[in-house]
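The values are calculated or read from the model by the stated rules, or taken from the named source; none is laboratory data. It should be emphasised that the depicted structure is a prediction, and the values quoted were computed from it without experimental measurement. Using ideal geometry, Cβ is built from the backbone for each residue, glycine included, and neighbour counts are taken over all protein chains shown. When the accessible area is computed, the model is the full protein with side chains, heavy atoms only, and any ligands, DNA or RNA have been set aside. Shrake-Rupley method; radii C 1.70, N 1.55, O 1.52, S 1.80 Å.
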Amino acid sequence: MTTEAPRAPTATDRLARLLALVPYVVSRKAVGMAETAAAFGVSERQLVDDLNMLWCVELRSPDPYCPIDLSYEGGEIVISEAESIDRPLRLGVDEASALLVALRMLAELPGMGDRSALGRTIAKLEAAAGAAAMPSAQVAVQVDDGAGSAVLTQVTDGLTGGRRLHLSYYVPGRDEATERDVDPMRLVMVDGRRYLEAWCRSADAVRLFRLDRVLAIEVLDVAAQVPPQAEPVDVDQGLFRPSPADTRIVLELATAGRWMAEYYPCDEVTELGDGRLRVSLRTPDTQWVRRLALRLGEDGRVVAPAGLVAEVAQDARAALAQYG
């Protein structure tokens, strides 16, 4: 399996868009072309093609021919005579389940304050989705609180009070605890884990700190001073931010070592047959890769770069010598 280019839209994709387009326009009476194209993630040219296809839709039988009445002159779309498909589509089982699980996770976050509006939204969505919402009710949503309530309370106090925090923080890539002062910016949730986004005084940059890796924390009697150039991290794109200067690592994994490709962000994953994989990834620090290679044992091996291969072999010989 190799990394693939984005999938080209299919006829099924276009049909789904058309079925959603009609109720979108009808509910707004009239809507601009640019706004509608942006809402559906298509170009205005593609939107015109979709609208032209709607001319061919016959809705009401037994009338011999009764097409949808639409107009998009002057950059404004108006649709009428579309009573048969003017209601929004119902959510599918997977869509309803994913949305409800996400909302329930959001309700578990600290600092939400009044959760009544969120509760009403969940209740309305469950009622509207009907049977499609049933699978989500079988999922127990519990936000990972490995950091402990004490750390979370201190972080929240620092955020609400605008105070600097002192962290003792474990860095797994270097296998060491670091001491640093940070100016808190916000709490974020990524893949079910809480992170503190803050301006790190040591790195002189924005950093994300996973709360379950905070060994100790103290709210300082110093006002937080986040500089104007501090930009929030776009966590929607994931936390991994490779750099051109990073070292490219290639590993080959046996069937029992395939978990590594799911646990670590990889640039490329290739099936080799018989359950084996070749993966490549980038990292600024190869120390953790050396430890990973020893952990994998016969289930995986580093094949590039050559210097790292030699270091892993040396680590393995040193480890075996301890048993001599």
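Some notes on this structure:
- Ala224 long-range amide H proximity, modeled H, under 5 Å: Arg163, Arg164
- Charge tally in the Cβ shell below 15 Å around Pro184, where Lys, Arg are +1 and Asp, Glu are -1, Pro184 excluded: +2
- Surface accessible to a 1.4 Å probe, Ser168 within the full protein complex, Å²: 20 Å²
- Over all other residues within a Cβ to Cβ distance under 15 Å of Gln314, the charged ones net out to +2, with Lys and Arg as +1 and Asp and Glu as -1.
- Estimated FRET transfer efficiency when R0 is 45 angstrom, pair Asp274-Ala20 (beta carbons, to 0.05): 0.55
- Counted charge near Leu215, where neighbours are those whose Cβ lies closer than 12 Å (Asp, Glu -1; Lys, Arg +1): -1
- Under the simplified labelling scheme, the Arg248-Glu35 pair shows an inter-label distance of 4.7 nm, with each label point 7 Å from Cα along Cα→Cβ.
- Residues whose amide H falls under 5 Å from that of Val303, counting only those 5 or more places apart or on a different chain, are Val250, Leu251, Glu252, with hydrogens built in the peptide plane.
- Accessible area in the full protein assembly, largest first, 1.4 Å probe, for Val78, Val302: Val78, Val302
- The Leu220 and Val190 beta-carbon pair, evaluated with R₀ = 35 Å, returns a calculated FRET efficiency of approximately 0.85.
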